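Heads up, the thing below is written out as structure tokens.
The values are calculated or read from the model by the stated rules, or taken from the named source; none is laboratory data. These numbers were taken from a predicted model, which means no experiment stands behind them. Cβ atoms come from the backbone with ideal geometry, glycine included; neighbour counts cover every protein chain shown.
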């Protein structure tokens, strides 16, 4: 049986402020903006690391018409706490990336630390509250 050649193409994270999200992912993390479609706050913004094909699509939260107002409110509350969505990134030098994030005004959750499960990482929230962890590669 032949192998399957499958890669991760894109992941989705909600955003609440497209301009703040663009500034964070582009200016602080150094990602490139690949697509920016929609209008006003209803924008789908595709970002990703330069030289890599994997993307993150920043989406307006809870736009599905089948979602109730109570569910929208719950999603907004979870986003604000950093419990709705998250992402784990990797970097060769977590400490250097952390310093760049602090200089860029990131909302720090955890300074770089050696974890008991064998990795060094740090954590912060993006402008929408999504939890972002960066693991040392």
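Numbers below:
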read-out: Only listed residue being under 24 Å from residue 8 (Cα atoms), in contact (Cβ under 8 Å) with a residue 40 or more places away in the chain and surrounded by 12 or more Cβ atoms within 10 Å (Cβ to Cβ), chosen from 36, 126; value: 126
read-out: Test: residue in the stretch 12-31 that is within 29 Å of residue 92 (Cβ to Cβ), part of a loop (DSSP other than H, G, I, E, B) and modelled with pLDDT under 90; value: no
read-out: Residues being surrounded by 13 or more Cβ atoms within 10 Å (Cβ to Cβ) and touching a helix residue (DSSP H, G or I) at 6+ places or on another chain (Cβ under 9 Å) - total across the stretch 95-106; value: 4
read-out: Set 67, 75, 6: member being modelled with pLDDT under 95, part of a loop (DSSP other than H, G, I, E, B) and surrounded by 12 or more Cβ atoms within 10 Å (Cβ to Cβ); value: 67
read-out: Flag if residue 57 is surrounded by 12 or more Cβ atoms within 10 Å (Cβ to Cβ), part of a strand (DSSP E or B) and free of Cβ contacts under 8 Å to residues at least 24 places away in the same chain; value: no
